[in-house]
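See structure below.
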Amino acid sequence: MSVDYILPFKLSKLMIFHNQGYDLNETSLEKMDGCRKRKFARIHLQSEQNIQSKRIWIAVLISFLFFLTLFTGCSHLKPYYRSNFNPSKILFSEEKDLRIRLLFIGDAGATKEKDPVMKKLGDWATKAPNKTMVIYLGDNIYPAGMPSKEDSEREEAERRIMAQIEVIKKSGARGFFIPGNHDWKRGLPGLIREENFVKQELGRDDVFLPMAGCPGPVKIDVENVRIIVMDTYFWLNRDINPEEGCPHKDLKASMATLKTLLQTAGDREVVFIAHIPLDTHGPHGGFFDWRDHLFPFTRLVKWLWIPMPVIGSLYPLLRWNVVRHSQDLNSTVFKNMSKQLKEAFAVRKPLIYAAGHDHSLQVLDIREAVEYILVSGAGSISMLSSVRHSDNTLFAHLHEGFMSVDFLKDGSVWMYVIEPGENDVVFFKELKTN
């Protein structure tokens, strides 16, 4: 190799050779013997190859991130509105005009009594307690329902559900809990333990619906509203059947009763309540954002930012396209449940289908089987999950919070999305005019 090839090297390249034990400067190259010149050239070539390799990996990473952003998108860390939202135009219901207020909050099983969302829920429940009903939409105790009294996790489980019960106790409002899939994690015995605990603390029998081990439906007629509650877990888990003491011996009988309750609602507005929504644009609807693909462990532990490019994408891709989890919208069991519910709703279309399951806040304008789907599963800040919007989305936000639906004396129905903070109403809509 000629000296002419070596001389153009910059001083930064000479430093590589210097690190090998040589004290070099620009002019010293001319005094090198052939062996040293060849060694210097070889070190320089290795350095260039290392730099080139790093550039390739950086380009691959940038391309991967671009792919994730393009094809998976980002969650709505800021509120998404289909149309412009003006906070100054919010119309609040006055107590004198209120018939009944329903407060929907789901998946609150990892919350604490002093969490901002619980405090805000209590504030809203206290505004008109005699006209308010607090409804917990399932997954009331994370991660696995109510343990036995001998279990070391019992104390923490009680603390978590007591944070929710205290809102009802302190406000003086009515309220009840429905079961979610996590409440079923310890089987029927765990669900019965949770039911008994809630009944004992609130001193009523109608505070856990439907009765543990029964699919429902159960109806509550209050003012001009018919509330219908079902436990949708029975459709998604084929290994369980209604208990002997249940009013319905199978799901066929349940659906027959559901149709009857819809037919006989009369002039009442119908609100259907279950843990699993008919539609959602979160993980259970197939959406995983770039963080799920690149930093999958952050969904388990918020601070665990370990990059897992490509490997991290295997779980969402396999879950949605291969495994098809029973809790997701594309599973066979969910499609069967959806079909049966839609057939029943053809008898009388509910105004609202309220659910949790996906840990976000979504207001969906359906207008087919039901008028509106409210996904209010953001009761625990530590459990929040990805959310995007679709054609039927009026509002979406990855943030803790809950929803209020006010039925007024003039026949109108107003819905509010509420989040902790001074300006707590982040979205509102008139669901029905007078």
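The values are calculated or read from the model by the stated rules, or taken from the named source; none is laboratory data. What you see is a predicted model; the values in this text were computed from it and never measured. Positions of Cβ are generated from backbone atoms using ideal geometry, with glycine treated the same way; all protein chains shown enter the neighbour counts.
Some notes on this structure:
- Which listed residue, of ASN392, ASN423, is surrounded by fewer than 22 Cβ atoms within 10 Å (Cβ to Cβ), out of contact with any Pro (no Cβ under 8 Å at 6 or more places or on another chain) and at pLDDT below 95: ASN392
- Filtering ILE240, ILE220 for residues that are assigned by TED's automatic domain parsing to the domain that holds LYS342 and either within 22 Å of ILE135 (Cβ to Cβ) or surrounded by 21 or more Cβ atoms within 10 Å (Cβ to Cβ) (or both) leaves a single hit, ILE220.
- Counting only residues that are touching a Gly at 6+ places or on another chain (Cβ under 7 Å) and in a strand (DSSP E or B), the range 384-398 holds 0 of them.
- Residue check, LYS219 of a type outside the set (Ser, Thr, Tyr) and touching a Leu at 6+ places or on another chain (Cβ under 6 Å): yes
- ARG348 falls short of the stated requirement of being surrounded by fewer than 23 Cβ atoms within 10 Å (Cβ to Cβ), farther than 27 Å from ILE240 by Cβ and out of contact with any strand residue (DSSP E or B) (no Cβ under 9 Å at 6 or more places or on another chain).
- Exactly one residue out of LYS170, LYS114, LYS120, LYS96 is in a loop (DSSP other than H, G, I, E, B) and at negative phi: that is LYS114.
- Subset of the range 227-250 that is over 27 Å from the mean Cα position of the chain (by Cα) and touching a residue at least 24 places away in the same chain (Cβ under 8 Å) - its residue that is farthest from LEU374 (Cα to Cα): GLY245
- Count of the range 80-90 residues, restricted to those that are at pLDDT below 85, surrounded by 10 or more Cβ atoms within 10 Å (Cβ to Cβ) and not in a helix (DSSP H, G or I), is 2.
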